[in-house]
Amino acid sequence: MFMVIGSNMAEAHPVASSFLRNAVREGAQLIVVDPRNQRLCDIATMHLPLKVGSDIALLNAIMNVLIAEDLYDKTFVETCTTGFEGLKEKVSTYTPEYASPICGISPEMIRETARRLATVKPAMVCYTLGITEHTCGVNNVKSVANLQMLLGNMGMECAGVNPLRGQNNVQGACDMGALPNVYVGYQGVALDASREKFGTAWGAFQLSQKVGLMMPQMMEGLVDKKVRSFYIFGENLANSEPDIHKVEHELASAEFLVCQDIFPTETTRFAHVIFPSAAWSEEDGTFTSSERRVSRVRKVCSPPGQARPNWWIFKQLAKRFGQEWPSNSSQEIWDNEVSVLGPAYGGIKYHRLEKNGLQWPCPTVEHPGTTFLHKDGKFTCGKGVFSPADWTPPAEVPDEEYPLVLSTGRRLYHYHTRTQTGRCRGLNDLLSEETADISGDDARALGIESGEMIRLKSRRGEIVVRSRVTHEVPPGMVWMAFHFRETCANWLTNAAFDPVSYTAEYKACAVKMEKL
């Protein structure tokens, strides 16, 4: 059994989706939780078309039924978790009847979902940005984990909480310490032992114990000059961040801006210095997937012109600061630094990555890698911790002036801001422009025909875009992607963020639609 929540796998993760489809053909059940009638719904056992931003209310109601009807895994909860009484108290108020008006799912369907989940073990939950890109994104993720622990679906194959990463190496970037609060291998910057360890390795003995800034804080700091220089590595912020007008003002305010990328982008227009870097097939390295699998990436051609491998650019910068870094290849960086400083990667060496890679934690060269986490219910912190949460609405909800909710995502034929796919003639032939996907009811109310140009407005901006009337979108909702510059959804989206992760609320803002 699979529960896919907040994930348009068929378009955003088509390869993973193909495996899911094969499993369903062979008899697996599939529960899809999504406001849209997306492609996976065609093969789903159940589709729960919840209202945008109501995930916690629905998940709490499902857990309410599991506990009230004594369907949860008591043995796992008693022996492998803590905090159950707090969870039980919290979800006791989220009866199906109470949650139904919030989430838009009938009490009967909520009960059926809970009962169905309790009948199959293991069951796997997959989620993507539909869970995380909310002002309550962290609590959404914790609620998904609460559900899986309550069902005992942890510590075994084909179970667990499975985030499908938004980009191909997000996991690897986080593993390498591309976060403001950790070094390589999630070793906290605030811990004395971590600072001593990395300070010794790097010859830097005054490493700060302060947690760094998150990206929205950095960008806002460009305006008030709390941040005086900004280094953007492989990201097109001027298209991918919410409220493009605000983002462009922040980038234009930068005292010194460096971009390192493989192509010119909307963001490189603001740069004082641009470093042309090698693309993924032009240098050796590793990627790490959602399942923690470290795989080799092999160079197949040389980078053009002055483009250079990313590690080489960083090393040359360090040299100008008087630092001589010893490693001279991707392999040396991994074997001599990453695997030495990160205990979870201690047994991962380049010579062991020749076939299907290795999954961390892999502490020694004799270790086969870890195919799944929390075996026998043994969590990293000892016992799994239930983290009950209340439902909170999006930062901006529809009203009389802006009566529709805009939610955003990705389409099959393009990737992100089209920095790469926009240069591919075949993909542009398949999808040459963005559309605003709207329901038949909303189209009829305004006399809009599918294919005609319409105007969408939010409190931050407006765009003119072609309409697409479809059964996929429920009344009251508009759905768009952010691939095309002039019709990018981020001219409209709201720069509201989760207070912990600082992830933007791309999945919900208020808009109005006008017939031209």
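The values are calculated or read from the model by the stated rules, or taken from the named source; none is laboratory data. None of these values were measured; they are calculated from a predicted model. So basically every Cβ, Gly included, is an ideal-geometry build from the backbone, and we count neighbours across all protein chains shown.
Across segment 69-80, not a single residue is classified as part of a loop (DSSP other than H, G, I, E, B), in contact with a His (Cβ under 8 Å, 6 or more places away or on another chain), in the same structural domain as residue 102 (by TED's automatic domain parsing) and among the acidic types (Asp, Glu). Just a yes or no: is a residue in segment 286-296 farther than 30 Å from residue 162 by Cβ, assigned by TED's automatic domain parsing to the domain that holds residue 174 and of a type outside the set (A, V, I, L, M, F, W, C)? No, the conditions are met nowhere in segment 286-296. Of all the criteria given as (1) touching a residue at least 60 places away in the same chain (Cβ under 8 Å); (2) under 28 Å from residue 162 (Cβ atoms); (3) over 21 Å from the mean Cα position of the chain (by Cα), the one not satisfied by residue 406 is (3). Note on segment 170-229: residues that are polar (S, T, N, Q) and not in a helix (DSSP H, G or I) total 6.
Quick grid of which residues meet (1) surrounded by fewer than 16 Cβ atoms within 10 Å (Cβ to Cβ); (2) free of Cβ contacts under 8 Å to residues at least 12 places away in the same chain; (3) assigned to a loop (DSSP other than H, G, I, E, B):
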{"site": "313", "(1), (2), (3)": "no, no, no"}
{"site": "316", "(1), (2), (3)": "yes, yes, no"}
{"site": "322", "(1), (2), (3)": "yes, yes, yes"}
{"site": "334", "(1), (2), (3)": "no, no, no"}
{"site": "339", "(1), (2), (3)": "no, yes, no"}
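Residues checked against (1) in a helix (DSSP H, G or I); (2) touching a Ser or Thr at 6+ places or on another chain (Cβ under 9 Å):
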{"residue": "260", "(1), (2)": "no, yes"}
{"residue": "265", "(1), (2)": "no, yes"}
{"residue": "275", "(1), (2)": "no, no"}
{"residue": "281", "(1), (2)": "yes, no"}
{"residue": "286", "(1), (2)": "no, yes"}
{"residue": "301", "(1), (2)": "no, yes"}
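Evaluating residue 147 against the criteria (1) in contact with a strand residue (DSSP E or B) (Cβ under 8 Å, 6 or more places away or on another chain); (2) modelled with pLDDT of 95 or more; (3) of a type in the set (A, V, I, L, M, F, W, C); (4) over 27 Å from residue 75 (Cα atoms) leaves one unmet condition, (4). For segment 444-486, a residue qualifies if it is crowded, with 21+ Cβ neighbours inside 10 Å and hydroxyl-bearing (Ser, Thr, Tyr), and the qualifying residues are 458, 467. When you check residue 4 against the structure, is it closer than 24 Å to residue 408 by Cβ and among the hydrophobic types (A, V, I, L, M, F, W, C), yes or no? In short, yes.
For segment 440-469, filtering for residues that are assigned to a strand (DSSP E or B) and hydrophobic (A, V, I, L, M, F, W, C) leaves 7.
Residue 42 satisfies every condition listed in (1) closer than 24 Å to residue 93 by Cβ; (2) part of a helix (DSSP H, G or I); (3) free of Cβ contacts under 8 Å to residues at least 40 places away in the same chain except (1).
Residue 265 passes every criterion in (1) within 30 Å of residue 12 (Cα to Cα); (2) in contact with a strand residue (DSSP E or B) (Cβ under 8 Å, 6 or more places away or on another chain); (3) surrounded by fewer than 17 Cβ atoms within 10 Å (Cβ to Cβ) apart from (3).
When residue 87 is tested against (1) surrounded by 20 or more Cβ atoms within 10 Å (Cβ to Cβ); (2) farther than 19 Å from residue 390 by Cβ, only condition (2) is not met. Got at least one residue in segment 22-35 being assigned to a helix (DSSP H, G or I), exposed (fewer than 14 other Cβ atoms within 10 Å of the Cβ) and not assigned by TED's automatic domain parsing to the domain that holds residue 290? Yes, some residue in segment 22-35 is assigned to a helix (DSSP H, G or I), exposed (fewer than 14 other Cβ atoms within 10 Å of the Cβ) and not assigned by TED's automatic domain parsing to the domain that holds residue 290.
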